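The values are calculated or read from the model by the stated rules, or taken from the named source; none is laboratory data. Worth saying up front: this structure is predicted, and the values here are computed from it rather than measured. Every residue, glycine among them, receives a Cβ derived from its backbone with ideal geometry; neighbour counts consider all protein chains shown.
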Amino acid sequence: MPPSHDAPHSPSVLRLGMAAGVGTSLEFFDFSIYGTAAALVFGEVFFKTGDAWFGTFMSLTTFAIGFLMAPIGAALFGSIGDRKGRKVALFAAFVLMGAATLAMGLLPSYAAMGIAAPVLLVLLRLCHGLARGGENSGAAVFAIEHAPVQRRGLYGSFVAIGSPVGVILANLAFTLVLLLPDHSVTSWGWRMPFLVGGLVMAIGLWIRKGVTESPAFEEMAEADEAREGPARMPLKEVLRTNWRRVALTAGVNIGLNATTFALATFMLSYATAPAPEGLGLPRQPIVNGSLIALVCHAFFNVTSAWLSDRLGRKPVMITGAVLSLASALTMFHLTSAGTVAAVNTAVVIGFSATGILFGPMYTYFAELYPREQRQSGLGLGFHVGAVLGGGISPMIANRIISATGDALDVGYYLTALLVVSLLCLFALPETAPVRVRQPEPAAPARVPAVD
């Protein structure tokens, strides 16, 4: 087997963690400020209608549209990462993500330019989605391939923790924005977090510039130079040899993404919207509660990833899936009390449970594929699941409330998707080195082979 990647040229753990996590933090910062803005102000700024709840639905629909591009981005940037290098793909996706966010912050409103405003917003949202498809999967592979064999789960959490960190930063940004008068929030205040995304992009590019290509890819590139024949086609190969694993990894992510984005995006609009659709609660304390919940999510991300290096990926993730399922059944019972404390308690429970499931996920998905297909396989599986789960869950939850008037039905919807995640987890093999003897690099592609 190749060495455990403790080579002299490997970056420090701190530098690698920052390089891997900064892109995912920007990704989720961008997606979260969009989701928060969609829930709170975009219905008025870009989708002004006579029905405020329907305007919110339209803005949440554009949130979902971004997810539709992610599998295409995963295929595009995954192929680049598997053929040209993890760093090349990461830089390209990162720049596209940051540039789209910056442009959103400068976009005129519907009142200023009419129908062109929401059209341009949707186009920029599509760029968001395309970049998202390459960013988190590329960063995960990059971190894991730099990791010592027995610490891959922990290194993978550098990327996983970027999710709550990005959402925390987004919520902090909107916490400051919401200190402004309401008319200032809708006229110009909402733009400030988007403009900050441009600064984050510059910082991230500087951090990543100093990190070397992953040792596993360098070995693979050397082998490609010595090999005769046509160029590798990683996307084609992963769909030919490992399509079942792509489908199962997508299934694992469906329930997780649906629950986390329902908590991060839908819950904001549900808690703050006026009755009868919402609870009519003040925005600021709900955002503050989300911050506490996301800190819990980050803690359980790292803890569960660390445990997965010692106990195995599947036992930890199955525990997280069962707890997430239980939380989905109880969250909306709690929110029916109609108080800020009840909503915030529900969000803390939900984010804590999903943090356990999410912590080892990137590492586990990466270990399911050979290195020649790793970024393509991880990216496709993760983002197809994200489309079917997280991308549409806020929009579906909005329509469930509109149709039934009962938030408990949203909990049942999330529960059904988490059952899918649990069943797919049972169908996949264990991959953690502590539980599985690692095969040699020549093993067939369908065998989990992390090298």
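Contact map, the stretch 379-403: residues that are closer than 14 Å to residue 260 by Cβ paired with residues that are among the basic types (Lys, Arg) and in a helix (DSSP H, G or I), Cβ distance under 9 Å, separation 6+ or inter-chain. Pairs shown: 386/132.
Is there a residue in the stretch 220-239 that is touching a Pro at 6+ places or on another chain (Cβ under 7 Å), modelled with pLDDT under 85 and part of a helix (DSSP H, G or I)? Scanning the stretch 220-239 turns up no residue that is touching a Pro at 6+ places or on another chain (Cβ under 7 Å), modelled with pLDDT under 85 and part of a helix (DSSP H, G or I). State whether one or more residues within the stretch 425-433 are at pLDDT below 85 and assigned to a loop (DSSP other than H, G, I, E, B). No, the stretch 425-433 contains no residue that is at pLDDT below 85 and assigned to a loop (DSSP other than H, G, I, E, B).
Yes/no matrix, rows are residues, columns are (1) of a type in the set (A, V, I, L, M, F, W, C); (2) at pLDDT below 80; (3) part of a helix (DSSP H, G or I); (4) closer than 26 Å to residue 137 by Cβ:
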position: 399; (1), (2), (3), (4): no, no, yes, no
position: 409; (1), (2), (3), (4): no, no, yes, no
position: 435; (1), (2), (3), (4): no, no, no, yes
position: 440; (1), (2), (3), (4): no, yes, no, yes
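The set of residues in the stretch 68-101 being crowded, with 19+ Cβ neighbours inside 10 Å and within 16 Å of residue 33 (Cβ to Cβ) consists of 97, 98, 100, 101. For the stretch 203-216, filtered to residues that are in a helix (DSSP H, G or I) and touching a residue at least 12 places away in the same chain (Cβ under 8 Å), the residue that is surrounded by the most Cβ atoms within 10 Å (Cβ to Cβ) is 204. Selection of the stretch 137-157 for residues being in contact with a Leu (Cβ under 9 Å, 6 or more places away or on another chain) and part of a helix (DSSP H, G or I) yields 137, 138, 139, 140, 141, 142, 143, 146, 153, 155.
Selection of first residues in the stretch 92-105 that are farther than 20 Å from residue 207 by Cα and among the polar types (S, T, N, Q) and of second residues that are in a helix (DSSP H, G or I) and at pLDDT 85 or above, restricted to Cβ pairs under 8 Å at least 6 apart or on distinct chains, gives an empty result. Cβ-Cβ contacts under 8 Å between residues 6 or more apart (or on different chains), taken from a first residue in the stretch 109-132 that is under 16 Å from residue 187 (Cα atoms) to a second residue that is among the charged types (D, E, K, R), are listed as 110/48; 111/48. Annotation: of all residues in the stretch 279-296 being surrounded by 18 or more Cβ atoms within 10 Å (Cβ to Cβ) and over 17 Å from residue 175 (Cβ atoms), the one that is farthest from the chain's Cα centre (by Cα) is 279.
Please determine, by comparing only the residues of the stretch 168-192 that are touching a Pro at 6+ places or on another chain (Cβ under 8 Å) and in contact (Cβ under 8 Å) with a residue 60 or more places away in the chain, which one is farthest from residue 269 (Cα to Cα).
173
Taking the stretch 117-138 as the search range and keeping residues that are of a type in the set (A, V, I, L, M) and modelled with pLDDT under 85, which one is surrounded by the fewest Cβ atoms within 10 Å (Cβ to Cβ)?
119
Okay, residues lined up against (1) surrounded by fewer than 24 Cβ atoms within 10 Å (Cβ to Cβ); (2) within 20 Å of the chain's Cα centre (by Cα); (3) among the aliphatic types (A, V, I, L, M):
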site	(1), (2), (3)
243	yes, no, no
247	yes, yes, yes
258	no, yes, yes
301	no, yes, no
309	no, no, no
320	no, yes, no
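Selection of the stretch 151-191 for residues being hydroxyl-bearing (Ser, Thr, Tyr) and either under 24 Å from residue 111 (Cβ atoms) or touching a Phe, Trp or Tyr at 6+ places or on another chain (Cβ under 9 Å) (or both) yields 157, 163, 184, 186, 187. If you go through the stretch 67-82 and pick out every residue that is out of contact with any His (no Cβ under 6 Å at 6 or more places or on another chain) and more than 14 Å from residue 377 (Cβ to Cβ), you end up with 7.
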